[in-house]
Structure formats: C-alpha cells, structure tokens
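Here's the structure we're looking at; comments come further down.
The values are calculated or read from the model by the stated rules, or taken from the named source; none is laboratory data. For clarity, every value in this text was computed on a predicted model and none was experimentally measured. In this analysis, Cβ positions are derived from the backbone assuming ideal geometry, glycine residues included, and neighbour counts consider all displayed protein chains.
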Amino acid sequence: MTKTYNSVTKLWAVDETGDLQTSETTAIVTQVIFQPSAGEDDLVIEDGRGNTAIVLKGNASDSSSVNWQGEPGGDRFNGLKVKTIDGGIAYIHLAKK
C-alpha cells in the first residue's frame, strides 16, 4: 500500500486511505484518474474539513478507468484526504504553479 507524491510532476499515486500532504496548504486538483481493481470499486476524496470533494465509482461490468476533470485551472481544496478507496489506484494531478 502506498501514497506516493512526485513534487516535480505534481502527481499523487494513491492506493490507501489517509491525508495527502504537500508543501502547499491549498491543493489545486486538475484531474483524477481512478483505475479500480474490480467493478464498482469506490474512491472518495475529502477536503481538509471533511467535506466530500470528489467521488468516483468503478463501472459495474468491468474495471476500466474512471476520470474526473476539474474546472479550467483546477479546483481548489484546503487540504486533501482519501477517505475511501476500495481497490485499485488513484492518480491525482495537481496544478503546476
């Protein structure tokens, strides 16, 4: 299990729950790609206050990837936490400043 952050590419690769820490207090998320390990796996991402921010659900019939595209320039969140990830891996792209 891992939560890996690459500060050069601004990419999280996450397959477990927990806080996502970077040097910035505000995370600007541009895209999330969720590759479930089985159909109907869930991914729930919260902001730092515990509010549900992003929810993705795997397809019922297969484990193809599910994408979430943020607003142009990204969506701003004060902190990020993966609350639920049933299986698979989530790639969370942060805006490059």
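Inside the stretch 66-97, can you point out the residues that are at pLDDT 95 or above and polar (S, T, N, Q)? Matches in the stretch 66-97: Asn67, Gln69, Thr84. Consider the stretch 1-20 and keep the residues that are touching a residue at least 40 places away in the same chain (Cβ under 8 Å) and part of a strand (DSSP E or B). The one that is farthest from Lys83 (Cα to Cα) is Leu11.
Here Gly18 meets each of (1) over 21 Å from Gly74 (Cα atoms); (2) buried (at least 20 other Cβ atoms within 10 Å of the Cβ); (3) among the small types (Gly, Ala, Ser) with one exception, condition (2).
Quick grid of which residues meet (1) out of contact with any Pro (no Cβ under 6 Å at 6 or more places or on another chain); (2) among the basic types (Lys, Arg); (3) in a strand (DSSP E or B):
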| residue | (1), (2), (3) |
| --- | --- |
| Thr22 | yes, no, no |
| Ile33 | yes, no, yes |
| Ser37 | yes, no, no |
| Val44 | yes, no, yes |
| Gly50 | yes, no, no |
| Asn59 | yes, no, no |
| Ser64 | yes, no, no |
| Arg76 | yes, yes, yes |
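Within the stretch 78-92, the residues that satisfy the criterion of being part of a strand (DSSP E or B) and out of contact with any Leu (no Cβ under 6 Å at 6 or more places or on another chain) are Asn78, Lys81, Val82, Lys83, Thr84, Ile89, Tyr91, Ile92.
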